[in-house]
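Below you'll find the structure, written out as structure tokens, and then a few comments.
Every number here is computed from the coordinates shown, using simple stated rules; none is lab data. Please read all numbers here as calculations on a predicted model, not as lab measurements. Here Cβ is always computed from backbone atoms with ideal geometry, including for glycine, and neighbour counts include all displayed protein chains.
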Amino acid sequence: MTVKELNSKYAIEGCLSFVESKGGMAIAMLSNDHSFAQVSLYGAHVLTFEPAEQDDVLMMSNKSYFEKGKPMRGGIPLCFPWFGPHATDKALPPHGFARLMDWNVKATAQQPDGATCLVLSLTDNEQTRAMWPHAFECELTIVAGKTLEMNWVVKNTGSEAFDIASAMHTYFATNDVTQINIKGLEGVTYLDATQQLAPVTEGTAPVVIDREVNRCYMDTTATCEITDPSMDRTIRVAKTGSQSTVVWNPWKEVAKTIADLEDNEYQGFVCLETANVHRNKVTVPPGAEHAMSLSISTL
Ligand SMILES: O=P(O)(O)OC[C@H]1O[C@H](O)[C@H](O)[C@@H](O)[C@@H]1O
């Protein structure tokens, strides 16, 4: 659908409209008294979330590609149906294909509480089946109000069960990542991706970022809080249907190897990802569905 068609079918006067952005991408602009958010239909990718009179909660790299076929660096990429490199075929895209596909608009609505709602969907097609031979429907509901709410339902529309690993790979913005601390993961065991996924049990102190951090915290449904003195705010991340929380910052050396990240941009974000990865992957029987949700608020 063209941006013109999207606007005539789904725009809501004063609250939701579509614009064409770099790389020919259609972007939904959600705006109301509570917040402003931009969502790319390519990847169903939330690019910005700015609660009224506050800075963007999300970070987007100055070097991000806005090019179909490539993922974007920042915001909230969706990882699905695998996380990280594909288990057996390294030619397949890391983190799966959801972030590389054009999603469809299913519905838009303005809620009585003033929040704006956008529902996007992705169903299997020739391209997805070539990478992953399953019939599915993903439906992502995004509600931007005082908080940002995302509910992601994956339905198995085929006749065989499938396994999915997935993540809402949120890049949270900060002015100085070394000043933040993350509460909620105390005592949780993580697989350390900087140490060939060796299991490590977190201590009692909040998590700080003072080196390369690439950890999959397993079997945790906990709400986390990112306290950030450099931005004078705390971000609360609550979730359902998610058993893993990934924490990632590439730090200085790895940042230099990432083509779509400026060398010093690692200082400006932490990824805290609502996920089901490794042994927390989910089996979805035929006809069944799995939902994972995320709620981001600033305190
Ligand atoms: O560069 P990307 O494919 O977007 O992945 C970025 C990062 O995502 C996750 O957080 C993984 O744990 C990291 O290993 C990976 O480097």
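Observations on the structure shown:
- Among residues of region 162-179 that are surrounded by 23 or more Cβ atoms within 10 Å (Cβ to Cβ), those with a Cβ under 6 angstrom from a residue that is in a strand (DSSP E or B) and hydroxyl-bearing (Ser, Thr, Tyr), sequence gap 6+ or separate chain, pair up as MET168/THR274.
- The listed residues are HIS134, HIS86, and the only one of them that is in contact (Cβ under 8 Å) with a residue 12 or more places away in the chain, closer than 21 Å to THR283 by Cβ and in a loop (DSSP other than H, G, I, E, B) turns out to be HIS134.
- Scanning region 232-280 for residues that are more than 15 Å from the ligand (Cβ to nearest atom), exposed (fewer than 15 other Cβ atoms within 10 Å of the Cβ) and over 15 Å from the mean Cα position of the chain (by Cα), we see that the one that is nearest to SER293 (Cα to Cα) is ARG279.
- The one condition in (1) free of Cβ contacts under 8 Å to residues at least 40 places away in the same chain; (2) of a type in the set (Val, Ile, Thr); (3) closer than 22 Å to GLY145 by Cα that VAL57 fails to fulfil: (1)
- Exactly one residue out of THR88, THR157 is among the hydroxyl-bearing types (Ser, Thr, Tyr) and either touching a Phe, Trp or Tyr at 6+ places or on another chain (Cβ under 7 Å) or crowded, with 16+ Cβ neighbours inside 10 Å (or both), and it is THR157.
- Test: GLY203 is more than 16 Å from the chain's Cα centre (by Cα), more than 16 Å from the ligand (Cβ to nearest atom), in a loop (DSSP other than H, G, I, E, B) and in contact (Cβ under 8 Å) with a residue 40 or more places away in the chain: no
- Note on region 219-231: among residues that are in a loop (DSSP other than H, G, I, E, B) and among the polar types (S, T, N, Q), the one that is farthest from the ligand (Cβ to nearest atom) is SER230.
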